[in-house]
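S.K.: Let me begin by handing over the structure; questions about it come next.
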Amino acid sequence: MRRRLPWLLVLGVLSVPAAAGQRLEGRLHWARVVELSVPVSGVVAEVPVRPGQRVARGGVLLRLDQRGFRAAREAARARLAGREADLEEARRERDRALELYERTVLSDHELQLARIAHTQAEAAAAEARAALVRAELELEYATLRAPFDAVVLERRAEPGQTVSAALAPPVLLVVAEAGRMALHVPVASDVAAALRSRLGDGGFRVRIQDREYPARLQALRPAAGGKGEGVVAVFVAETGDDRPWPGTPAEVILP
């Protein structure tokens, strides 16, 4: 069964309220849009999504060819196994040298050499462990996943395309978060002052077509351009699995 995912939208307000219970008309727009890329170089092997498709958080959006990354990981594992074997041998030699030194059979210089060899083996093993972590991370980064429940807006990558991390990473996909709407309401300074005590509170409602959704006051921001005393009140409402499209008329109702 396919999971129905919600849509994340912004409601652009067309009128300004002041009275309780007044309805503010507006239209829906995307609220949170993210451009995605990968921090590693490679060749695109798969792009299993298309614009308009809904993807759950963690769902695969794009994969680079995995073969080189897997080979690098296996090589790093082999190097680590060798360095750990060297470390174990150096540890035995150090302990043996210490025992002989206590029996006055070994000189100070020979004991010090055994200790240095053990320290160097420890450093080599630590470096090999770090290299394995890097290889595993690069393999993980070679798969681009949805950072949240999302809808794909743009697909800018195709199989066979080369991606270079040495340059500015190209935008491969553009997605929008799903599940909430943000309603931006321009209000006068006196109205903003009255709303300030309601920051973080619920009790507001957003109506889209024949459905209403509870909303809360998330923020009060200066109006665009910074001119005058205008303030934008930002209300956030959860739409769940409902999927209103951008441009759909909607309204907010003040309590």
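The values are calculated or read from the model by the stated rules, or taken from the named source; none is laboratory data. Since this is a predicted model, take the numbers as computed values, not measurements. Counting neighbours? That spans all protein chains shown, and the Cβs are built from the backbone with ideal geometry, glycine included.
S.K.: Residue under question is residue 121, and the condition is that it be buried (at least 17 other Cβ atoms within 10 Å of the Cβ), among the hydrophobic types (A, V, I, L, M, F, W, C) and outside the structural domain of residue 248 (by TED's automatic domain parsing); does it hold?
M.R.: Against the criterion (buried (at least 17 other Cβ atoms within 10 Å of the Cβ), among the hydrophobic types (A, V, I, L, M, F, W, C) and outside the structural domain of residue 248 (by TED's automatic domain parsing)), residue 121 qualifies.
S.K.: Could you figure out which of (1) surrounded by fewer than 20 Cβ atoms within 10 Å (Cβ to Cβ); (2) at pLDDT 70 or above; (3) assigned by TED's automatic domain parsing to the domain that holds residue 235 isn't true of residue 72?
M.R.: Unmet for residue 72, out of (1) surrounded by fewer than 20 Cβ atoms within 10 Å (Cβ to Cβ); (2) at pLDDT 70 or above; (3) assigned by TED's automatic domain parsing to the domain that holds residue 235: (3).
S.K.: Please specify each residue of region 140-150 satisfying the condition of being surrounded by fewer than 18 Cβ atoms within 10 Å (Cβ to Cβ) and either of a type in the set (Phe, Trp, Tyr) or touching a residue at least 60 places away in the same chain (Cβ under 8 Å) (or both).
M.R.: 141, 143, 145, 147, 148
S.K.: Under the condition of being without any contact (Cβ under 8 Å) to a residue 60 or more places away in the chain and not acidic (Asp, Glu), which residue from region 56-75 is farthest from residue 158 (Cα to Cα)?
M.R.: Step by step, filter region 56-75, then rank; the result is 71.
S.K.: Condition test on residue 124, is it closer than 30 Å to residue 70 by Cα, among the small types (Gly, Ala, Ser), in a helix (DSSP H, G or I) and touching a residue at least 40 places away in the same chain (Cβ under 8 Å)?
M.R.: So residue 124 passes the test.
S.K.: Between a first residue in region 37-55 that is in the same structural domain as residue 167 (by TED's automatic domain parsing) and in contact (Cβ under 8 Å) with a residue 40 or more places away in the chain and a second residue that is β-branched (Val, Ile, Thr) and surrounded by fewer than 13 Cβ atoms within 10 Å (Cβ to Cβ), which pairs have beta carbons less than 6 Å apart while being 6 or more apart in sequence or on different chains?
M.R.: What qualifies is 43/162.
S.K.: On to the next question. Just to be sure I understand, how many residues within region 162-195 are closer than 24 Å to residue 152 by Cα and free of Cβ contacts under 8 Å to residues at least 12 places away in the same chain?
M.R.: The number of residues fulfilling the criteria is 1.
S.K.: Tell me, yes or no, whether region 98-110 has at least one residue that is closer than 23 Å to residue 80 by Cα and either without any contact (Cβ under 8 Å) to a residue 60 or more places away in the chain or exposed (fewer than 13 other Cβ atoms within 10 Å of the Cβ) (or both).
M.R.: no
S.K.: From 61, 153, grab the single residue that is part of a strand (DSSP E or B), modelled with pLDDT of 95 or more, surrounded by 14 or more Cβ atoms within 10 Å (Cβ to Cβ) and touching a Pro at 6+ places or on another chain (Cβ under 9 Å). Lay out the reasoning, then the answer.
M.R.: Numbers: 153 fails: modelled with pLDDT of 95 or more.
Matching residue, one of 61, 153: 61.
S.K.: So residue 11 ticks every box in (1) in a loop (DSSP other than H, G, I, E, B); (2) at pLDDT below 95; (3) more than 18 Å from residue 156 (Cβ to Cβ) but one. Which box is left unticked?
M.R.: (1)
S.K.: Find all pairs meeting these conditions: Cβ atoms under 7 angstrom apart; at least six residues apart or on different chains; first residue within region 196-214 and of a type in the set (A, V, I, L, M, F, W, C); second residue loosely packed, with under 12 Cβ neighbours inside 10 Å and assigned to a loop (DSSP other than H, G, I, E, B).
M.R.: As it stands, the answer is 204/255, since those pairs meet every condition given.
S.K.: Also, quick follow-up: May I ask you to verify whether residue 92 is modelled with pLDDT of 95 or more, in a helix (DSSP H, G or I), basic (Lys, Arg) and under 21 Å from the mean Cα position of the chain (by Cα)? Explain how you work it out, then say what you get.
M.R.: On the way: modelled with pLDDT of 95 or more: yes; in a helix (DSSP H, G or I): yes; basic (Lys, Arg): yes; under 21 Å from the mean Cα position of the chain (by Cα): no.
The answer is no for residue 92.
S.K.: Quick check on this structure: which one of 203, 160 is assigned by TED's automatic domain parsing to the domain that holds residue 31, modelled with pLDDT under 85 and on the phi > 0 side of the Ramachandran plot?
M.R.: 203
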